[in-house]
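Q: Please find one structure pasted underneath; my questions will follow.
Only the coordinates and a few stated rules stand behind these numbers; no lab work does. All values derive from a computational prediction rather than experimental measurement.
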Amino acid sequence: MNDDRDFSACIAACMECADACNQCFAACLHERDVGAMARCIALDADCAAACQFAAATLQRGSTLGASVCALCAEVCTACADECQKHAHDHCQRCARVCRECAAACRAMTVH
C-alpha cells in the first residue's frame, strides 16, 4: 500500500473503533443477561483486534494494507449489525463507530 494517500483518518477511525469495542465488551459483561450478549462480546473482541491490526498495518505502510482494511471493514460491519440489535447505549455507540470505521477502511481499498 505504498502510495501517497493520507492514512491518518482511517488510522484514527480504527483506533476509535477499537476503543468503542473494548468499552462495549466490558460493559456487556456487566449486563443482567450476559448470555444474551455473548455474540456481541465475541464480535467486540474480534473487531477491536481487527481495528488495531488495520491501524498498525497502515502506520507501517504495509503492502497488505488494502487487504487488511477490507477484512477490518467486514468485521466492523458484522460487529455493528450485532451491536445494533441491543438497546444499550454502549452497543448503540459501538454500532455507530463500527459503521464509520468500516466506511473509512473501505475507502482504503479503492485505488
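Q: Once every DSSP H run of n ≥ 4 in the chain is given -39500 (n - 2.57) and the sum is divided by its residues, what mean residue ellipticity at 222 nm do you get, rounded to the nearest 500 deg cm²/dmol?
A: Roughly -26000 deg cm²/dmol at 222 nm, from the helical runs in the chain.
Q: Cut-off 10 angstrom, C-alpha nodes, Gaussian network model of the chain. Which of Cys40, Cys28, Cys51 fluctuates the most?
A: The residue that fluctuates most here is Cys28.
Q: Moving on. What angle, in degrees between 0 and 90 and rounded to the nearest 10, separates the Cα long axis of helix 65-83 from the longest principal axis of the Cα atoms of the chain?
A: Helix 65-83 and the main axis of the chain meet at about 20 degrees.
Q: Please determine, in degrees from 0 to 90 and to the nearest 10, the orientation of helix 38-60 with respect to the longest principal axis defined by the Cα atoms of the chain, where the helix direction is its Cα long axis.
A: 20
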